[in-house]
Amino acid sequence: MSRVDAHLHFWHLARGDYHWLTPAAGPLYRDFAPADIAATLAARDIGAAVAVQAAPTEAETRYLFALARAEPRIAAVVGWTDFEAADAGARIAALHRDGAGRLQGLRPMVQDIADPGWLAHPELDAAFEALIAHDLAFDALVRPRHFPALQARLRRHPALRVVIDHAGKPDIAGDGFAAWADGLAALAAHPGVHCKLSGLLSEAGPGAGADALAPYVAQLFACFGPQRLMWGSDWPVLTARHAYGEWLALATALVRAQDATAEAAVFAATAIDFYRLPAQADPTHGAPP
C-alpha cells in the first residue's frame, strides 16, 4: 500500500495573495513547488497527497488545480471560497465544476478570523448546504476556542463531512491538554467528523518528541479510532521543526504504540475514503518509514 499525505501545501510568492507569509517567516518565505517534495514523497512511498489552500482566494484554488493537472500524485485539492458571499452556493458550484473532480473540500481560514463564533453564523448556511450538495468536505482549521461554534454548525448540518485540521491545534507547549481534550471528544461524537494527525510538532515546544505528543495521540485514538484519523505532513510548515521523514517516523511510532493494526487506516485508507480518492493499492503496508 502506498501512503497518503492528507495535508500539504504549495505556494508561489509572486502570486501575491499569501498575506500571512512575510519575511518574518524565515525559511518558509520562498516558493515551494511539487518538484521540491517529489523525491521525498517517492522515497517514503507516498502515492497520493492532498494539496490544501494557503491563501484566502479562489485564484489560489485554481492555481492548485493547475498543479494537480500537472502532478498526478496530487490526488485532491482543498480550496477556498468566501463563505459569507451572497452567491457562495454559486461560487462553490463553479469551483466544483472547474476542479473536474480534483476539488474535494473547502477550508476558510477560521483560525485567522477574530470572532470565535464565526462558524455558527446563520449567513454561512448557504455555503455549508452547497458543500453537502456537492459532496465536498469541510476542513476545519480551528483551535479549541472555535470548538463550540463548530459544534453549533454540526447541529445545524449533521450531514456535513468534517475533518479537523492539525488535531484542532492543542497548545502542547503550554500544557493545554485539558482545554482541548473534552471539546475534541464532544466533536468526535458526530460520526461525520474526522481528524488529522498533523501539525502537532508546530504546537509543541522546540525539541519536543514522542513523550510530549503521546498523550495527545492517545486522545485522538480514544476519540476517533483509526477509521476516522488520517496522517498529514503539513509540509512545508513542518520544516520549521523537523524534516519530512522525521515526522513520518515519529508519527508511525506513535500510531503503532496505540494500535499495531492501525497503520493502513491512518496512513492511507481513512484519507482515501474521506477525500474520495481513487483506490490506489491494497492497504496492508506496514514497513518502517
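No value in this document is a laboratory result; all are computed from the given coordinates. All figures in this text were calculated on a predicted structure; none of them were measured in a lab. A quick note on method: Cβ atoms are made from the backbone with ideal geometry, for glycine too, and the neighbour counts reach across all protein chains shown.
Just a few scattered comments:
- Structure-derived semi-axes √(5λ) of the Cα gyration tensor in Å - corresponding label in (1) 39, 24, 18; (2) 26, 23, 19; (3) 46, 23, 15: (2)
- Here is how the number arises for the chain: DSSP H runs of 4 or more residues each give -39500 (n - 2.57), the sum is divided by the residue count, and the result at 222 nm is -11000 deg cm²/dmol.
- Label sites at R155 and A38, each approximated as a point 7 angstrom past Cα along Cα to Cβ, lie 5.0 nm apart.
- Springs join every pair of Cα atoms under 10 Å in this Gaussian network model of the chain, and among W231, W80, W20 the largest mean-square fluctuation is at W20.
- Cβ-derived FRET efficiency at R0 45 Å, A133 paired with A14, nearest 0.05: 0.80
- Estimated distance in nm for a label pair at D45 and Q111, the labels positioned 7 Å out from Cα along Cα-to-Cβ: 3.0
- When DSSP beta bridges are restricted to pairs lying wholly in the chain, around 5% turn out antiparallel.
- Model label zone, A218; criterion: amide N under 20 Å from point 7 Å along Cα-to-beta-carbon; scope region 245-274: 250-263
- Estimated at 0.36 nm per residue, the fully extended path between D87 and A279 surpasses their Cα-Cα distance by 65.7 nm.
- Taking the Cα centre of the chain as origin and assigning +1 to Lys and Arg Cβ atoms and -1 to Asp and Glu Cβ atoms, the resulting dipole is close to 320 debye.
- DSSP assigns beta bridges within region 1-83; of those with both partners inside it, close to 10 percent run antiparallel.
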